[in-house]
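For reference, the structure is listed below as structure tokens.
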Amino acid sequence: MDGDFRHDFVREKAVLKHHPALVLNADYRPLSYYPLSLWPWQEAIKAVWLDRVDIVAEYDFEVRSPSTRIKIPSVVVLKDYVKPQKRVAFTRFNLFLRDEFCCQYCGGRGDLTFDHVVPRASGGITSWENVVAACSPCNLKKGSKSLRRAGLHLRKPPRRPTAEELRNMGRKFPPNHLHDSWLDFLYWDAELDA
């Protein structure tokens, strides 16, 4: 038998794989903007079935069992409020998000890495206040030199961001796909056009 015989027995339509649900906290704000808080449709239906969420909006597609039909949720809201974290983890992703995914020396957006402003060879530590996003050419140019010796200047001084600042920064980077039913919840406090 050629290929994977299990493929012929899969009953799930391929279209159902692409129906994520936007997850909102009990205050109707997304749990996170970047990455956007999304659940696969299976998790959303499971949460509905376990009475952990309320459905706010639905897709036109439904899933069926022998005894039940349910439309696939596109927006769900948690019944219990999840308190947002106050402390921001020092990760590569959060560092790039703080620096808006651009080099803090030249403003370039491609081939990002990170750089110690005060080089580790000179006693610099790995912290929010000493590490910035940098493109590879600027990182190579700076090497283990000081900013002055390398002839580079920072676009803004590095500092520890608050959780709220990172959430707001994440709103500037929408994902590739935004379902129409999500828009009212993603930019609810954006200024309206007159």
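Read the figures in this text as sums done on the coordinates, not as results from a lab. Only a predicted model underlies this, so the values are computations on that prediction, with no experimental measurement involved. Counting neighbours? That spans all protein chains shown, and the Cβs are built from the backbone with ideal geometry, glycine included.
Checking the Cα-Cα distances for Lys79/Lys172; Lys46/Lys79; Lys141/Lys172 against a 23 Å cut-off, the pairs over it are Lys79/Lys172; Lys141/Lys172. Scalar couplings 3J(HN,Hα) for segment 159-168, obtained by applying the Karplus form with A = 6.51, B = -1.76, C = 1.60 to θ = phi - 60°, are 8, 6, x, 7, 4, 5, 4, 5, 4, 5 Hz; x denotes Gly and Pro. Computed from backbone phi, the HN-Hα couplings of segment 81-87 come to 5, 9, 5, x, 5, 8, 8 Hz, rounded to whole numbers (Karplus: 6.51 cos²θ - 1.76 cosθ + 1.60, θ = phi - 60°; Gly and Pro given as x). Computed extension length for Phe173-Arg92: 27.5 nm, one decimal, from 0.36 nm per residue of separation with the Cα-Cα distance subtracted.
Other residues within the sphere of radius under 15 Å centred on the Cβ of Asp180, judged by their own Cβ, net out at -3 (K and R +1, D and E -1).
Model label points for Glu43 and Glu62, set 7 angstrom from Cα along the Cα-to-Cβ axis, are 2.6 nm apart.
Annotation: for a label point projected 7 angstrom from Cα along Cα→Cβ of Asp184, residues of segment 70-95 with backbone N closer than 17 Å are 73-78. The phi-based Karplus calculation (6.51 cos²θ - 1.76 cosθ + 1.60; θ = phi - 60°) puts the 3J(HN,Hα) values of segment 36-45 at 5, 6, 10, 10, x, 4, 5, 5, 5, 5 Hz, whole numbers, x for Gly and Pro. Give a quick list of trypsin sites (Lys or Arg not before Pro) in segment 38-146 that DSSP marks as loop, anything other than H, G, I, E or B, with at most 13 other Cβ atoms within 10 Å. Hits after loop and neighbour filter: Arg52, Lys79, Lys86, Arg87, Arg109.
Rg/Rh for the chain stands at 1.12; both radii use Cα atoms, and Rh follows the Kirkwood definition.
In plain terms, the chain from Gln85 to Ser136 could stretch by 15.1 nm, reckoned as 0.36 nm per residue minus the Cα-Cα distance. Could you pull out the chymotrypsin sites (Phe, Trp or Tyr not before Pro) across segment 39-106 that fall in loop regions by DSSP (anything but H, G, I, E, B) with no more than 10 other Cβ atoms inside 10 Å? Sparse-neighbourhood loop chymotrypsin sites (Phe, Trp or Tyr not before Pro): Tyr81.
Once backbone amide H atoms are built at 1.01 Å from N, Tyr59 has Ile72, Ser74 as its partners under 5 Å, excluding neighbours fewer than 5 places away on the same chain.
In the chain, helical runs assigned H by DSSP with n ≥ 4 each contribute -39500 (n - 2.57); averaged across all residues and rounded to the nearest 500, the mean residue ellipticity at 222 nm is -5000 deg cm²/dmol. Centre-to-centre separation between the Cα atoms of segment 28-47 and those of segment 79-117: 21 Å.
Going 7 Å from the Cα of Glu100 along its beta-carbon direction, which residues of segment 146-187 have the amide nitrogen within less than 12 Å of the resulting point? Residues passing the 12 Å test: 155-156, 169-170, 172-173.
Summing Lys, Arg as +1 and Asp, Glu as -1, what charge do residues with Cβ under 13 Å from the Cβ of Cys138 carry, Cys138 excluded? Charge balance near Cys138 sits at +2.
One chain, two ends: Arg159 and Arg109. Fully extended at 0.36 nm per residue, the span grows by 16.0 nm beyond their Cα-Cα distance. Once divided by 2.2 N^0.38 Å, the Cα radius of gyration of segment 90-160 becomes 0.97.
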